[in-house]
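As structure tokens, the structure follows; a few thoughts come after it.
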Amino acid sequence: MIERRPVANAFGHLMLVAMIVIVAFPIYLAVIAASHTIQDVSQTPMPLLPGAELLENTARALFDGPQLVGVSGSTPAIVLMMNSLIMAISIAVGKIIISLLSAFAIVYFRFPLKNFFFWMIFITLMLPVEVRIIPTYKIVADLGLLDTYTGLVLPLIASATATFLFRQFFMTVPDELVEAARIDGAGPMRFFFDILVPLTRTSIAAMFVIQFIYGWNQYLWPLLIASDYKYQTIVLAIGRLIRAPDAFYEWPVIMGMAVLALLPPVLVVVLMQRWFVKGLVETEK
Amino acid sequence: MAKVTLKGVKKNYGPVKAIHGVDMEIADGEFIVIVGPSGCGKSTLLRMVAGLEAITEGQIVIGDRVVNDIEPADRDIAMVFQNYALYPHMSVYQNMSYGLRIRGMDKADIEKRVQRAAEILQLQPYLQRKPRELSGGQRQRVAMGRAIVREPSVFLFDEPLSNLDAKLRVQMRLEIKRLHQQLGVTSIYVTHDQVEAMTLADRLVVMNQGRADQIGTPGDVYNHPATTYVGGFIGSPAMNFVKCRIDAGKAVLDDGVTLALPGGWTAPAGSYTLGIRPETLRIARPEETPDLHLDVDVAEELGADTLLHGKIGGQDVVARVPSNAGFHDKSRPGLMVDISRAHLFDNESGLRVAV
């Protein structure tokens, strides 16, 4: 039983509210800034109540992109978001497929150096993209994959995290289930598709959420690979927008774009929340 | 349907010997129960017949095929697992038909077989349900249904009732028995529960540390246990074992109690272990001179019977007497021993000594 003490309760709530305010305030500011005209936003202090221009500003961000005075050219958010979407979904789906297969091999097959391979995969958990970025870039460049979706996605697909998660899940699947399938005459791939994958679907959903957000938030890798504006992702573009020196920024539109960039990950989390929690917490057996 | 023959079947896990060589002939349609405590190798033996464990040495023959190198799916067997091993995401119907679908059987034939199995097992109302929506007993029936639809020549049961509560276990035991009478398929059934073993078996295999100590009918195993181990394992409460010396037609226990042996006993003089079942001890009637006196520590009343736990000459002995005899803790009843139903075992090997 959890103790019920009013003072502790109040303190707990106070802490939670404080944390929420700290996290939510910048997002609130972005929404507010996106809802005013550029003149209003440029005042000091900036208005803290919503204005009337939200839809117009966001629509401009979506279809035209912010105009930077002194900087020519701007990519509309819809193109950038499409790039991000392609990248995030490809990474998530690719990671899930590869991880499912490698976890399947590691858990259910006996082959030479099995443990060695598992530990190799496991060790790459400790190596983030940044550590291996130069050799990876060299390989991608040599393969002629710069400024392509393949180049954006492929090097990020291998995932120790997902392999490890699926391995843990597969190990909880009772041996009897495997044996029952063997007696029923199901071969390894049949077992994989008919039984293992359907059982793993909540974990797959959880993995999809995590990896979608991971893919969506990639910054460094697209920065290197996508020099062509056609392949830029929205995270990258936002970063570039405010780097132009001495430019006159169209803040409401930029903020509108930032809010737009937030939406897909939020949507994915909200829509898949039930599965996500299920996948991480419970196992259906 | 088929005979099953085990010829010198052995199993080693590296240097560890799990099964030391089992020989057995199982007749067509026979119900064999393999019984023993956990770790005795009974499940391993069953899994070798199923093809889930490799056979280290020896041969297993099902029908007239040596199946040592045949995949489980091709051995013409079906297995029921302790935890049911139903596919959680499939409905009852899909669970039962999965093996048939893999075989590429015709949809109409599958439907016919599943419906028939569902009828036998009274599962028709549940065919579209998922396993998690069923009770333990229903799940167990689905597991059996999955075995029945295959129409195999051998059924293998691996402790199928262990996960059920006591009442349901009795009910399912009867259903398995009825099912066997109905289908007449050769069955091998593994359990650690001696009641299941005694009630279901045509013949029992009592396993002890990787050896089959005795193979015989339930009556045989109970009345003529081949080793002290079998005597102690089958029967509840367990058989009493007392050390004794046999000399000149008498058995002398440690504390000097002397029991006259029946005329037919011809065991040579020497030290033995005498096996006396608790139910072959009875309270001496007033006019009789008791064979021995039991110093009762604890009297366990079971209702109809009372178990008297005590000592004779420092050796633990249990007697099962009617509750109305009125003996309690710390009493000292005089008992008669039905020595003609006692068993004599070799002290060293634990083997039964012919008398």
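Would you kindly compute the Cα radius of gyration of segment A:80-153 and its largest Cα-Cα separation (Dmax), both in Å?
Cα-based Rg and Dmax for segment A:80-153 come out at 15.2, 45 Å.
Once a ≥ b ≥ c are taken as the square roots of the eigenvalues of the Cα gyration tensor of segment B:179-310, is the result rounded (a/c under 1.5), prolate (a/b larger than b/c) or oblate (a/b not larger than b/c)?
prolate
Take the alpha carbon atoms of segment B:250-294, find their center, do the same for segment B:316-355, and report the distance between the two centers in whole angstrom.
Taking the Cα centre of each part, segment B:250-294 and segment B:316-355 sit 8 Å apart.
Please arrange B:PHE233, A:PHE63, A:PHE208, A:PHE164 by how many other C-beta atoms lie within 10 Å of their C-beta, fewest to most.
Listed from fewest to most nearby Cβ atoms, that is A:PHE63, A:PHE164, A:PHE208, B:PHE233.
Please say if segment B:311-355 is rounded, prolate or oblate, where rounded means a/c under 1.5 for a ≥ b ≥ c the square roots of the C-alpha gyration tensor eigenvalues, and otherwise the choice is prolate for a/b larger than b/c and oblate otherwise?
Because a/c hits 1.5 or more and a/b exceeds b/c, segment B:311-355 counts as prolate.
Using alpha carbons only, how many angstrom separate the centre of segment B:1-40 from the centre of segment B:69-136?
Segment B:1-40 and segment B:69-136 have Cα centres spaced 27 Å from each other.
Express in % the proportion of alpha carbon pairs of segment B:230-270 at distances exceeding 12 Å.
Result for the distance tail: 64 percent.
Report, in debye and to the nearest 20, how large the dipole of chain B comes out about its Cα centre when Lys and Arg carry +1 and Asp and Glu carry -1 on their Cβ.
Here chain B has a charge dipole of around 1140 debye.
Whole-Å semi-axes of segment A:139-284's equivalent ellipsoid, largest first, each the root of 5 times a Cα gyration tensor eigenvalue?
The three semi-axes for segment A:139-284 are 41, 20, 10 Å.
Would you compute, from DSSP H runs of 4+ residues alone, the mean residue ellipticity of chain B at 222 nm, taking -39500 (n - 2.57) per run and dividing by the full residue count, rounded to the nearest 500?
That comes out to -7000 deg cm²/dmol.
For the protein assembly as shown, how big is Rg over Rh, using alpha carbon atoms and the Kirkwood form of Rh?
With Rh from the inverse mean 1/r over Cα pairs, Rg/Rh is 1.18.
Which residue fluctuates most in the GNM of chain A (Cα springs below 10 Å): A:ALA30, A:ALA59, A:ALA141?
Fluctuation is largest for A:ALA141.
Are there DSSP H segments in chain A that both extend 20 Å or more along their axis (alpha-carbon positions) and score a mean Kyte-Doolittle hydropathy of at least -1.0? List them, or say none.
Helices passing the filter in chain A: A:6-34, A:77-108, A:201-216, A:251-281.
Need one number: % antiparallel among DSSP beta bridges in the protein assembly as shown, to the nearest 5.
Percentage antiparallel, nearest 5: 75.
Per 10 Å bin from zero, what fraction in whole % of the C-alpha pairs of segment B:103-179 is there, up to the bin with the longest pair?
17, 50, 29, 4, 0
Across 10 Å bins from 0, what is the distribution of all Cα-Cα pair distances for chain A, in whole percents?
For chain A, the pair-distance distribution reads 6, 21, 25, 23, 16, 8, 2, 0.
Take the Cα pairs of segment B:51-119, get the Kirkwood Rh, then feed it into Stokes-Einstein at 37 °C and 0.692 mPa s and tell me D in µm²/s.
230 µm²/s
Using Cα-Cα distances under 8 Å and only pairs 6 or more residues apart, what relative contact order does chain B have, in percent?
Relative CO of chain B lands at 16 percent.
Please grab the % of Cα pairs in segment A:1-126 that end up more than 19 Å from each other.
Distances greater than 19 Å cover 74 percent of the Cα pairs.
Using the count of nearby Cβ atoms within 10 Å as a rough guide to exposure, how do A:SER84, B:SER91 rank from fewest to most?
B:SER91, A:SER84
Give or take rounding to whole Å, what are the principal axis extents of the alpha carbon atoms in chain B, in descending order?
Here the spans come out as 76, 44, 34 Å, largest first.
Under 8 Å for C-alpha pairs, at least 6 residues apart: give me the relative contact order for chain A, rounded to a whole percent.
Averaging sequence separation for qualifying contacts and normalising by length gives 32 percent for chain A.
Could you tell me the relative contact order of segment B:144-212? Use alpha-carbon pairs under 8 Å, at least six residues apart, and round to a whole percent.
36 percent
Per residue Cα convex hull volume for segment B:5-77, in cubic angstrom?
Considering the Cα atoms of segment B:5-77, their hull volume per residue is 89 Å³.
Could you give the C-alpha radius of gyration of segment B:252-299 expressed as a fraction of 2.2 N^0.38 Å, taking N as the number of residues it contains?
Normalised Cα radius of gyration, segment B:252-299: 1.35.
Name the shape class, rounded, prolate or oblate, that the alpha-carbon gyration tensor gives for segment A:136-208, where a ≥ b ≥ c are the square roots of its eigenvalues, rounded holds for a/c under 1.5, and otherwise prolate holds if a/b is larger than b/c and oblate otherwise.
Taking the square roots of the gyration eigenvalues as a ≥ b ≥ c, segment A:136-208 is prolate.
Any idea what diffusion coefficient segment B:1-46 gets from Stokes-Einstein, in µm²/s, Kirkwood Rh on alpha carbon pairs, 20 °C, 1.002 mPa s?
182 µm²/s
If the viscosity is 1.306 mPa s and the temperature 10 °C, what translational diffusion coefficient in µm²/s does Stokes-Einstein give for segment A:166-213 when Rh comes from Kirkwood over Cα pairs?
137 µm²/s
Would you tally the net charge around B:LEU308, using a Cβ to Cβ cut-off of less than 15 Å, leaving B:LEU308 out, and scoring K and R as +1, D and E as -1?
Combined, the nearby Lys, Arg, Asp and Glu give -3.
What Rg and what Dmax come out for segment A:1-44 when only alpha-carbon atoms are used, in angstroms?
Values for segment A:1-44 (Cα only, Rg and Dmax): 17.6, 56 Å.
The numbers here are math on the coordinates, done by the rules we state, and not lab data. Quantities reported herein were computed from a predicted structural model and do not represent experimental measurements. Here the Cβ is made from the backbone with ideal geometry for all residues, glycine too, and neighbour counts use every protein chain on show.
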